[in-house]
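One structure is given below, encoded as structure tokens.
The values are calculated or read from the model by the stated rules, or taken from the named source; none is laboratory data. Everything numeric in this text was worked out from a predicted model, so none of it was measured. Cβ placement follows ideal geometry from the backbone for every residue including glycine, while neighbour counts extend to all protein chains displayed.
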Amino acid sequence: MTSAAHSDARPAGPPATPAAGPDAVVVGSGPNGLAAAVTLARAGLRVEVLEAQDTVGGGARTLDLGLAEGIVHDVCSAVHPMALASPFLREFDLAARGVRLHVPEASYAQPLDDGPAAIAWHSLERTAEGLGRDGAHWRRFFAPLVAHVDQVVALGLGDKRSLPAELRSPDELAFAAGFVARMLQQSTPAWTRPLTTEPARALFTGVASHSIGRLPSTGTSAAAMLLAVLAHAGGWPVPRGGSQAIVDALRADLEAHGGSVRTGVRVTSAADLPAARAVLFDTTAEAAARILGTRLPARTRNRLRALGHGAAAAKVDFVVNAPVPWRDPRVARAGTVHLGGTRAQMAASEAQVAAGRFPARPVTLVSDPATVDPTRAHGGLRPVWAYAHVPFDSPIDPAEAVTRQIERFAPGFHDTVVASASVPASEMAAHNENLVGGDIATGTVSLLTMVARPALTWDPHLVSRSEAGEAVGGPAAAGYYLCSAATTPGPGVHGMNGWFAARSALRREFGIRELPSLSPES
């Protein structure tokens with residue numbers, strides 16, 4: 001995995017801020033904000049995290065929605081393909097901190113109207129055996145990528161500005177070129193190759209749909225390549241007890257190293273920020289621009305706003321009294337189920353979303369976490385998590401469309417539902433202000449915006465700073481940074497955006513060039 005030099009050295013010299021105040025402030029407590037805060041605190045800085053909500057975690061929170069006693073729901077992310085692959089989380093070592101990650105037997109499944117479902121088992125060989133005459137194609141396509149998973153992760157989760165240690169030999173560079181060529185092929189009408197059967201094509205399309213957008217496109221093909229490789233390498237784990245387990249481990253480490261978190265604190269302008277040498281924003285790029293206002297040059301504000309927003313997700317949380325009754329019972333073994341039918345049907349649905357129309361059969365992602373984590377069931381009831389792809393800021397309640405889509409592949413599902421709660425895309429920001437209009441990617445996703453995120457600059461995490469060391473536009477900070485999914489390497493619960501932003505702030509504001517160890521033992 002991507003490596004980094006480490007040092008346990010504390011910052012040299014006294015901090016620029018008063019002894020009682022923080023050296024660094026992080027606005028937002030999502031996984032990236034907490035990853036940044038942990039890194040800064042471990043470097044010896046006084047760190048304060050400000051969170052507008054009453055609970056910590058952003059898109060990785062697990063809450064009791066009041067639907068049924070003992071049942072909790074993941075409000076945004078539920079399954080974590082990058083939890084075992086992320087260099088930040090690997091070094092942080094969730095397992096050593098008591099976070100148990102259950103890896104389902106099948107990473108994802110694609111039910112079809114006619115015939116058995118296509119299944120992406122954790123085992124690549126088992127997946128190929130189930131795909132008939134396309135099995136050999138699937139094996140040839142993914143086997144070299146799985147064998148070079150470290151290089152794939154370095155490409156997908158790197159900072160897009162430096163050459164990772166995993167990609168420096170001639171053979172590794174040749175692999176990287178081949179990977180990019182395959183990805184680009186899958187973003188064109190040539191995405192029909194090498195697969196020839198509908199089950200295999202639909203299986204690949206389902207994983208591509210994680211990046212909500214037109215099919216095919218560079219954004220969807222990049223997501224498909226990375227996520228499919230991880231499905232056959234480490235698998236797509238489900239945290240025991242819910243996504244909150246990851247967040248709680250990060251917060252505990254932050255507080256163990258002297259950091260603090262204040263919830264219920266809404267930052268609407270720079271005047272709301274404590275004095276600090278560095279402020280890092282785990283927010284949308286446009287929110288950072290709005291908060292800092294005239295502290296930033298107009299061109300910088302415009303650059304941050306230019307990332308924009310793509311299509312959206314709308315959420316439905318169910319409480320059911322039985323496992324989802326999939327027509328193909330093997331689907332129940334998958335941690336994530338992609339609903340949309342054939343490749344052509346999914347592409348048509350996503351095209352409607354891109355055109356601003358709510359599809360009758362939206363592409364829907366479903367997870368029944370109790371299938372791999374029995375602790376999620378209580379009193380004969382269990383949660384079911386579902387996302388539907390819809391137009392940006394759509395006010396339409398997704399409950400009926402999602403229920404129909406599940407019923408399409410799991411007849412009788414409606415009869416198992418005890419309670420449900422739905423959130424239209426237009427209301428997603430109510431529980432997480434980064435999800436503007438339901439945009440769960442915190443900005444448009446394409447090959448370009450994965451590199452130029454939020455804009456094409458040498459340091460995508462640096463917003464503004466004073467070279468002379470004085471505060472920018474006032475006493476709040478000498479440097480402002482963006483540490484959210486609006487920066488490279490992009491969306492996902494992996495902490496890399498926060499890690500990279502903290503690295504930049506440590507170097508520029510505190511003269512610390514070696515990242516601190518993240519080991520639980522340090």
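So here's what we get for this one:
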quantity: Flag if SER464 is of a type outside the set (D, E, K, R), within 23 Å of ARG266 (Cβ to Cβ) and in a strand (DSSP E or B); calculated: yes
quantity: Single residue of LEU280, LEU296 found to be touching a residue at least 12 places away in the same chain (Cβ under 8 Å) and crowded, with 23+ Cβ neighbours inside 10 Å; calculated: LEU280
quantity: Condition met for SER86 (within 24 Å of VAL423 (Cβ to Cβ), buried (at least 20 other Cβ atoms within 10 Å of the Cβ), among the hydroxyl-bearing types (Ser, Thr, Tyr) and in contact (Cβ under 8 Å) with a residue 60 or more places away in the chain); calculated: no
quantity: Residues satisfying the stated conditions in the range 55-83, i.e. of a type in the set (S, T, N, Q) and either without any contact (Cβ under 8 Å) to a residue 60 or more places away in the chain or in contact with a helix residue (DSSP H, G or I) (Cβ under 8 Å, 6 or more places away or on another chain) (or both); calculated: THR62, SER77
quantity: Filtered residues of the range 162-181 (kept if surrounded by 14 or more Cβ atoms within 10 Å (Cβ to Cβ) and charged (D, E, K, R)); calculated: GLU166, GLU172
quantity: Residue selected from the range 414-434 under the condition out of contact with any strand residue (DSSP E or B) (no Cβ under 8 Å at 6 or more places or on another chain) and either aliphatic (A, V, I, L, M) or not in a helix (DSSP H, G or I) (or both), by the criterion surrounded by the most Cβ atoms within 10 Å (Cβ to Cβ); calculated: ASN434
quantity: Any chance ALA360 is out of contact with any helix residue (DSSP H, G or I) (no Cβ under 6 Å at 6 or more places or on another chain) and either part of a helix (DSSP H, G or I) or not charged (D, E, K, R) (or both); calculated: yes
quantity: Selection status of GLY135, at pLDDT 95 or above, within 23 Å of VAL320 (Cβ to Cβ) and surrounded by fewer than 23 Cβ atoms within 10 Å (Cβ to Cβ); calculated: no
quantity: Any hit, the range 37-48, residues being assigned by TED's automatic domain parsing to the domain that holds TRP326 and in contact with a His (Cβ under 7 Å, 6 or more places away or on another chain); calculated: no
quantity: Filtered residues of the range 378-400 (kept if in a loop (DSSP other than H, G, I, E, B) and of a type in the set (Val, Ile, Thr)); calculated: ILE396
quantity: One residue from THR403, THR449, THR444, THR375 being among the β-branched types (Val, Ile, Thr), touching a residue at least 60 places away in the same chain (Cβ under 8 Å) and either in a loop (DSSP other than H, G, I, E, B) or touching a strand residue (DSSP E or B) at 6+ places or on another chain (Cβ under 6 Å) (or both); calculated: THR444
quantity: Checking ALA128 against (1) touching a helix residue (DSSP H, G or I) at 6+ places or on another chain (Cβ under 6 Å); (2) in contact (Cβ under 8 Å) with a residue 12 or more places away in the chain, the condition it does not meet; calculated: (2)
quantity: Residues within the range 413-441 that are touching a residue at least 60 places away in the same chain (Cβ under 8 Å), of a type in the set (Ser, Thr, Tyr) and under 19 Å from GLY59 (Cβ atoms), tallied; calculated: 1
quantity: Counted residues, the range 196-237 - those being in a loop (DSSP other than H, G, I, E, B), over 17 Å from VAL146 (Cβ atoms) and of a type in the set (A, V, I, L, M, F, W, C); calculated: 2
quantity: Qualifying residue in the range 213-222 (condition: of a type in the set (D, E, K, R), touching a residue at least 40 places away in the same chain (Cβ under 8 Å) and either surrounded by 24 or more Cβ atoms within 10 Å (Cβ to Cβ) or not assigned by TED's automatic domain parsing to the domain that holds GLY30 (or both)); calculated: yes
quantity: Conditions (1) in contact with a Lys or Arg (Cβ under 9 Å, 6 or more places away or on another chain); (2) closer than 22 Å to GLY115 by Cα; (3) crowded, with 23+ Cβ neighbours inside 10 Å: number failed by VAL207; calculated: (1)
quantity: Boolean, ARG97 is within 26 Å of the chain's Cα centre (by Cα) and surrounded by fewer than 17 Cβ atoms within 10 Å (Cβ to Cβ); calculated: yes
quantity: Pick from the range 332-379, criterion surrounded by fewer than 24 Cβ atoms within 10 Å (Cβ to Cβ) and at positive phi, ranking: nearest to the chain's Cα centre (by Cα); calculated: GLY356
